[in-house]
Amino acid sequence: MKVLIVGAGGREHALAWQAKKSSQLTGLFITPGNAGMVDLGECWGLTDIPEIVKKAKETGVDLAIIGQEDYLADGISEALEAAGIACCGPSAKASLLEASKAVSKDFMKKYQIPTAGFGNFTAFEPAFAYLKTLKAPYVIKASGLAAGKGVLILEDLDAAEAGLKSMLVDEAFGQAGAEVVIEEFMHGEEASYFIFTDGNDYVPMPTLQDHKRQKELDLGPNTGGMGCYSPAPVVTPEVEQKIIDLVVVPTIEGMKKEGTPYKGVLYIGLMIEGGMPRVVEYNIRFGDPEAQPLMMLLDSDLLAISMACAKGGVKDVPLRWKDAACANVVLASGGYPEAYKKGYSINGLENLDLSDEKMVFHAGTKKDGSLTVTNGGRVLGCTAIGKDLPAALDEAYKLVSQISWPEMQYRKDIGVKGLKNLYAEKSAQTSVGIILGSASDMKVAQKAVDVFREFGVGFELLVASAHRTPERAVNFIHELEEKGAAVIIAIAGLAAHLPGVVASKTLLPVIGVPIDSNVGGLDALYSIVQMPPGIPVASVGIGRGENAALLAIQILATKDTELKRIHQEYRLKMEQKVIASQPEGY
């Protein structure tokens, strides 16, 4: 089978990489392609649909897999089929599910598919009037195709007014923003859901979570995606069944009723809150970067399922996926998604040890002689498989560490939401014990409790005096050991014997927290730090219950990579607080 893949990004590189594994493949062609694809197949460099179809027919292409949405919206599927070439991709009319957000939202409303409340507008005044009826944050979307960047999420009405003007008055997004969709903001956690479909039947793919915002902690403008991972723990089996019943089936049936049956790959962007999915948007093809983990996890013939999407019979194609997790980290040009420079030489690619489980997919690259240089906003996708999400993230970030070019940017918190969901399953397990010398010490203990709750770390707390109830303290220590706790925090003031008594009764690490007193807490601090040889107690600042908790978390994280990355996010939050405290004008 001769196969053509249409597109130039990381998605198409991943599709070509997977297609190359098919025993049915006799020739692979890519257009326009990029520097990462030249070793996989013949890159034509064509972007004009009539030229692509003419070349495909002359070459004897049997199947075309369309990666980029603009080709589909412009009717490449019909043009290829008219030339006798099977096409995995929807018709131009079916492509309006993505090509017009206004059409898409009206479709969801008509077929009662759960989504946010909305209004469609082509003029500024009525659009702004509707905007003022909503509460912040404000969501404004260019209705047309805008390469994943036509979505504004703004925190106040003045900014929203300016954003609306930029689209409808200043034409910042060109024709794509001539009509806008204004939506109610949806709270929850995002997820990506993909299906293969022939217009009648469908088969699902593994769940994913993309990271749309440019910066860590979901800050900065929307991008085409800065990284993703699979599977997404937020999509539980119960949630997935709701997605199928409330979204997938009504979408497929609705498209048939509209006279535009949908065939190809359908992406459903979701927001999930309280176990209920709502649709953020549809995409009419594989997502990018989501296609990269999906192609690495696919353990079946991509060509067979793609041909079935074009010709029918998707339910009859055996579809297997690797029993593993996969993570992707996007390396982008400095300045992306706004203006950025091109032409930087990429260092480190030649030294990478790549395999079926570790790949760097090219998105915005080109060849300059013997060099590979940057040629786009999103440049590379470092993608790796692991036995679980922490392992996959570790391998992906190892790839990241080996690559560089001037002004390169990437997010350091890919996958943290997934790790939090996974770690929440452990929160019932007691990992830390907190012992207070007196109930009056609770205000300091509360600082530690708040940190543990934020991280999802399981803990137990007891009031026990070293002098008045020593047996109570000892019994609690033994209980903690039996439950598998790894750290004990002892909080006390004055002579502060409690941390020492605790340390003398256990081999677990003990962290002492001195409490303020008539001499400023120095008596308690000195007592804790002057433990005799052989009975160590760590100490934090006076009254610093939060630091004791963070030190305990660092100890736990030495054996728990999920917790280690969650802690990294906490550090990023502190960093952002410092940046936000900068006085205006300085």
Roughly how many nanometres apart are two label points built 7 Å out from the Cα toward the Cβ at residue 171 and residue 82? 2.9
Using just the helices of the chain, give the 222 nm mean residue ellipticity in deg cm²/dmol: DSSP H runs with n ≥ 4 each add -39,500 (n - 2.57), and the total is spread over all residues, rounded to 500. -10000 deg cm²/dmol
Alpha carbon centroid spacing (whole Å) that separates the stretch 210-240 from the stretch 369-394: 16
Gyration tensor (alpha-carbon) shape descriptor, the stretch 454-586, a/c threshold 1.5: oblate
Using the crude model of +1 on Lys and Arg Cβ and -1 on Asp and Glu Cβ, and no other charge, please compute the dipole size for the stretch 271-405 relative to its Cα centre, in debye to 20. 420
Accessible area, 1.4 Å probe, largest first: how do 251, 115 sort? 115, 251
Just to be sure I understand the model, the point goes 7 Å from the Cα along the line to the Cβ. What's the resulting residue 409 to residue 576 distance in nm? 1.4
Considering the dipole of the chain built from charges on the beta carbon (Lys and Arg +1, Asp and Glu -1) around the Cα centre, which of 181, 119, 370 is farthest to its positive end? 370
Alpha carbon centre of the stretch 489-520 versus the stretch 288-304: separation in Å? 55
Picking from 83, 67, 47, whose Cα lies most toward the positive end of the charge dipole for the stretch 42-114 (charges on Cβ: Lys, Arg +1; Asp, Glu -1)? 67
Please give the solvent-accessible surface of residue 219 in Å², to the nearest 10, using a probe radius of 1.4 Å with every protein chain present. 70
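Could you quote the convex hull projected area for the chain, Cα atoms only and averaged over all directions, in nm²? Write down the numbers at each step before the final one.
Numbers: hull surface 125.4 nm².
Averaged projected area of the chain's Cα convex hull equals 31.4 nm².
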Size of charge dipole - the chain - debye, nearest 20, with Cβ of Lys, Arg +1 and Asp, Glu -1, no other charges: 400
Ordering 155, 482, 190, 183 by the accessible surface of their heavy atoms, 1.4 Å probe, largest first, yields 482, 155, 190, 183
Defining a contact as two alpha carbons under 8 Å apart and six or more residues distant in sequence, what relative contact order in percent does the chain show? 11
Given Cβ charges of +1 for Lys and Arg and -1 for Asp and Glu, the option among 283, 298, 272 whose Cα lies farthest towards the positive end of the dipole of the stretch 264-371 is 283
Using a 1.4 Å probe over the heavy atoms of the protein chains, calculate the carbon and sulfur portion of the accessible area of the chain as a whole percent. 51
Where in the stretch 319-360 are there GluC sites (Glu not before Pro) that are in a DSSP coil and have at most 16 other Cβ atoms within 10 angstrom of their Cβ? 338, 357
At 1.4 Å probe radius, can you tell me the per residue accessible area of the chain in Å²? 42
State the Cα centre-to-centre distance between the stretch 540-586 and the stretch 1-41 in whole Å. 44
Between residue 156 and residue 57, with labels modelled 7 Å along Cα→Cβ, what's the label distance in nm to one decimal, could you check? 5.9
Rounded, prolate or oblate: which one fits the stretch 113-167, using the alpha carbon gyration tensor with axes a ≥ b ≥ c (rounded when a/c is under 1.5, else prolate when a/b beats b/c, else oblate)? rounded
As a test question: what accessible area, to the nearest 10 Å², does residue 26 have when a 1.4 Å probe is rolled over all protein chains in place? 100
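Pull out the extension gain between residue 517 and residue 388, defined as 0.36 nm times the separation in residues minus the alpha carbon to alpha carbon distance; nm, one decimal.
Values: separation 129, 0.36 × 129 = 46.44 nm, distance 4.81 nm.
Stretched fully, the residue 517-residue 388 segment lengthens by 41.6 nm.
The values are calculated or read from the model by the stated rules, or taken from the named source; none is laboratory data. It should be emphasised that the depicted structure is a prediction, and the values quoted were computed from it without experimental measurement. Heads up, the Cβs are rebuilt from the backbone with ideal geometry, glycines too, and the neighbour counts pull from every protein chain shown. Ligands, DNA and RNA are stripped out before the accessible areas are found, and what is left, the full protein with its side chains, is counted by its heavy atoms. Shrake-Rupley method; radii C 1.70, N 1.55, O 1.52, S 1.80 Å.
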